[in-house]
1. Taking the Cβ of each residue in 143, 19 as the centre, tally the other Cβ atoms inside 10 Å and list the residues starting with the fewest.
2. Can you give the FRET efficiency for residue 28 and residue 143, using 1/(1 + (r/R0)^6), R0 = 35 Å, r = Cβ-Cβ distance, to the nearest 0.05?
3. Would you mind calculating the gained length between residue 47 and residue 187 on full extension (0.36 nm times residue separation, minus the Cα-Cα distance), in nm to one decimal?
4. Sorting 121, 96 on the 10 Å Cβ count, fewest up front, what's the list?
């Protein structure tokens, strides 16, 4: 998404060539492939642990930190490697998104009209807000110390990064449709 915004704002005349079907397929394959590899590594790591404290997880979602609590083995070294792999993937994505948005904001601030700047910022800020919410809650969920691990806090954080960002994306992108904006506004103000 960040690259799409970057090309649309910073290089609009090259949009068709830079984001053709081949480039989109390659980016989707890279995202799916890295996500699949990451998931397989985590699953292999978890399945190799002996679960000595039963098999009941205290959460609605079966997340890795809750599964690790059920193990009595010395999993710290293997999990430290997994945390490093996760941090490398997240940091790479974060740096790519950050660099894309720095270039976007530099280009937007060079737009002479206030209306053009407003339109460009309105395209980028919702995506940036959803990405920031996702990354901050994921980092908090997986890097917080076990001493502040409360079941209710864990559940809220998990919902914030597993449910809210995917639910917000269709809403954000559909709000660009004028008819849908008008219908939501009428619904919110009670006018029919």
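We did not get these values from a lab; they are worked out from the coordinates using the rules stated. As the structure is a computational prediction, the values presented were derived from the model and not from experiment. Here Cβ is always computed from backbone atoms with ideal geometry, including for glycine, and neighbour counts include all displayed protein chains.
1. If I rank by nearby Cβ atoms, fewest first, I get 143, 19.
2. Computed FRET efficiency for residue 28 and residue 143: 0.80.
3. Extra length from residue 47 to residue 187 when fully extended: 45.5 nm.
4. With the sparsest Cβ surroundings first, the list reads 96, 121.
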